[in-house]
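The values are calculated or read from the model by the stated rules, or taken from the named source; none is laboratory data. Predicted model only: the values in this text are computed from it and were never measured. All Cβ positions, glycine included, derive from the backbone under ideal geometry; neighbour counts span all protein chains shown.
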Amino acid sequence: MKDIRLRLIALLKTDFATPQVARIAKRIATPSTTIHYNIKRLEEEKAILTYKAVFDYKKIGEGFCSYVLVSLSPEEYADPEKIARDLAKHPEIESVDICTGDWEIVLKVRTKDQDAYYDLVRRVLSRKGISKTKTLMSMKQLKTEFVDLG
C-alpha cells in the first residue's frame, strides 16, 4: 500500500478535516439535520474559518516547538502587519500575533528539531525589518487547540 501520510498531514493541517455531525448530534441530543444546518450557517457567517486535525507533533516530525518574540526596526514599526503577513507565509510558522509591549510580534514555530529551527532563523528571521528576536523553547505542551494532552 502506498504511504501518503505526509500528503495527508499537509491537507489535514489546512482544511480537510470535517466535523463529525452524527457524533455531535448524539453528544448534545439534537437531530443531525439541525447540527448540519447550524454548522453551515456558522461557516457562511465566517464564524468557522477552517477545520483541521490536532496532531501529536513528535509523531509527525515537528516536535520542536518554540515561541519567538520579534522586535521590529523603527522604519517597520508603523506597519507591523506587513512583516507579520510575510512571516505567516512560512509553513514552519504556526501562528503570528501582533501585540503590545516590548515586542511587536509573537510567533509560534514548529520544526523537526533544533537544526531545522536554526535554518528557519537564518532564512526567515534574519531579514530586514526585524531588529532582534528572543526564542522561548517549549519543553512540554499540555494543551493545544483546546485538546488536553496532559
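Here are a few things to note about the model shown:
- Residue within the range 138-148 that is at pLDDT below 95, under 20 Å from Ala10 (Cα atoms), assigned to a loop (DSSP other than H, G, I, E, B) and out of contact with any strand residue (DSSP E or B) (no Cβ under 8 Å at 6 or more places or on another chain) present: yes
- At least 1 residues being touching a residue at least 60 places away in the same chain (Cβ under 8 Å) is the threshold, and among the strands (runs of 3 or more DSSP E) wholly inside the range 1-117 those reaching it are 64-72.
- Among residues of the range 70-93, those that are surrounded by fewer than 19 Cβ atoms within 10 Å (Cβ to Cβ) and within 9 Å of Gly129 (Cβ to Cβ), counted: 5
- Residue match in the range 125-136 (condition: within 15 Å of the chain's Cα centre (by Cα) and either surrounded by 11 or more Cβ atoms within 10 Å (Cβ to Cβ) or closer than 22 Å to Phe55 by Cβ (or both)): no
- The residues on offer are Thr50, Thr100, and the sole one that is surrounded by fewer than 15 Cβ atoms within 10 Å (Cβ to Cβ), in contact with a helix residue (DSSP H, G or I) (Cβ under 8 Å, 6 or more places away or on another chain) and either polar (S, T, N, Q) or modelled with pLDDT under 95 (or both) is Thr50.
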